[in-house]
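Trainee: This structure is in structure tokens; I'll ask about it shortly.
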Amino acid sequence: MESVIKSFDWDLIMRLRDGDESAFREVYDQYSQRIYGLAYQFFKNKEQSKEVVQETMLRLWEHRLQLNGEYPLAPWLFTIARRVTLNMLRQTATSQAARKKLWLTMHPEHNETEEAILSADLERLTTLMLNKLPLQQQMVFRLSRFEGLTYEEIAARMQISVHTVKYHLTGALKTLRTCFDKTEVLLPALLLSMFY
């Protein structure tokens, strides 16, 4: 299933990069309602939600040459949609009173299906990036972040120094941050907490 999704995204992204308007239409048809739903959770306003969809799709078209066929399209699109939404919220809430009124009217409603899909895409993207790290960095990262081992426990298990553990973990985090920056996808919360 993952290879089918990856193949679909790769083909679609390559067509987008080539300026294929039918590929753009496919992306619009597939994602516009989901982006609209995300925006509507914040605005409770059809016009503003439509504006988020249009701005997101415009940015997709303008920046299509930056797309990378190795990464799924959905996390990139939803990151852009969230940024557009936040920017519009900032513009809308120009005064303290307007800001207060806006936040009072927002009711965070969660679409569990949408979040599950996005979470799966982010997990797949993270795994793909982790698998590109050197083996030692992968091992240190996984032991630290997925098994919760301390530097000392990792050093003992891998029979390396604590300094080497820190070196590999710092390198892994730096590489992952760079990869996420290149894809313009927001770091998953799990990874984000790792940088601090």
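Trainee: Which ones in the stretch 5-54 are among the hydroxyl-bearing types (Ser, Thr, Tyr) and without any contact (Cβ under 8 Å) to a residue 40 or more places away in the chain? Break it down stepwise before answering.
Mentor: In the first step, residues of the stretch 5-54 are kept if they are among the hydroxyl-bearing types (Ser, Thr, Tyr); the result is 7, 22, 28, 31-32, 36, 40, 49.
Hits for the stretch 5-54 are 7, 22, 28, 32, 36, 40, 49.
Trainee: Same structure again: Can you tell me which residue among 16, 65, 38, 12 is more than 13 Å from residue 77 (Cβ to Cβ) and assigned by the TED database to the domain that holds residue 87?
Mentor: Details: 16 fails: more than 13 Å from residue 77 (Cβ to Cβ); 38 fails: more than 13 Å from residue 77 (Cβ to Cβ); 12 fails: more than 13 Å from residue 77 (Cβ to Cβ).
Result: 65 is the single residue among 16, 65, 38, 12 that is more than 13 Å from residue 77 (Cβ to Cβ) and assigned by the TED database to the domain that holds residue 87.
Trainee: Could you pull out the residue among 31, 36, 40 that is assigned to a helix (DSSP H, G or I), open to solvent by 70 Å² or more (accessible area, probe 1.4 Å) and aromatic (Phe, Trp, Tyr)? Spell out how you get there, then give the answer.
Mentor: On the way: 31 fails: open to solvent by 70 Å² or more (accessible area, probe 1.4 Å); 36 fails: open to solvent by 70 Å² or more (accessible area, probe 1.4 Å).
Matching residue, one of 31, 36, 40: 40.
Trainee: May I pose another question? Might you let me know whether the stretch 144-158 holds any residue that is in contact with a Leu (Cβ under 8 Å, 6 or more places away or on another chain), under 30 Å from residue 79 (Cα atoms), in contact (Cβ under 8 Å) with a residue 24 or more places away in the chain and surrounded by 12 or more Cβ atoms within 10 Å (Cβ to Cβ)?
Mentor: yes
Trainee: Name the residue that is surrounded by the most Cβ atoms within 10 Å (Cβ to Cβ), counting only residues in the stretch 47-58 that are at pLDDT 90 or above and charged (D, E, K, R).
Mentor: 55
Trainee: Another question, then. If I filter the stretch 14-28 down to residues being outside any helix (DSSP H, G or I) and charged (D, E, K, R), which single residue comes out as least open to solvent (accessible area, probe 1.4 Å)?
Mentor: Across the stretch 14-28, the extreme among qualifying residues is 20.
Trainee: Can you go through 126, 113, 178, 85 and tell me which one is at pLDDT 80 or above and either part of a helix (DSSP H, G or I) or outside the structural domain of residue 29 (by the TED database) (or both)?
Mentor: On inspection, the qualifying residue turns out to be 85.
The values are calculated or read from the model by the stated rules, or taken from the named source; none is laboratory data. No experiment lies behind these values; they were computed from the predicted model shown. Quick reminder, even Gly has a Cβ in these numbers, built from the backbone with ideal geometry, and neighbours come from all protein chains shown. Heavy atoms of the whole protein, side chains included, go into the accessibility calculation; ligands, DNA and RNA do not. Shrake-Rupley method; radii C 1.70, N 1.55, O 1.52, S 1.80 Å.
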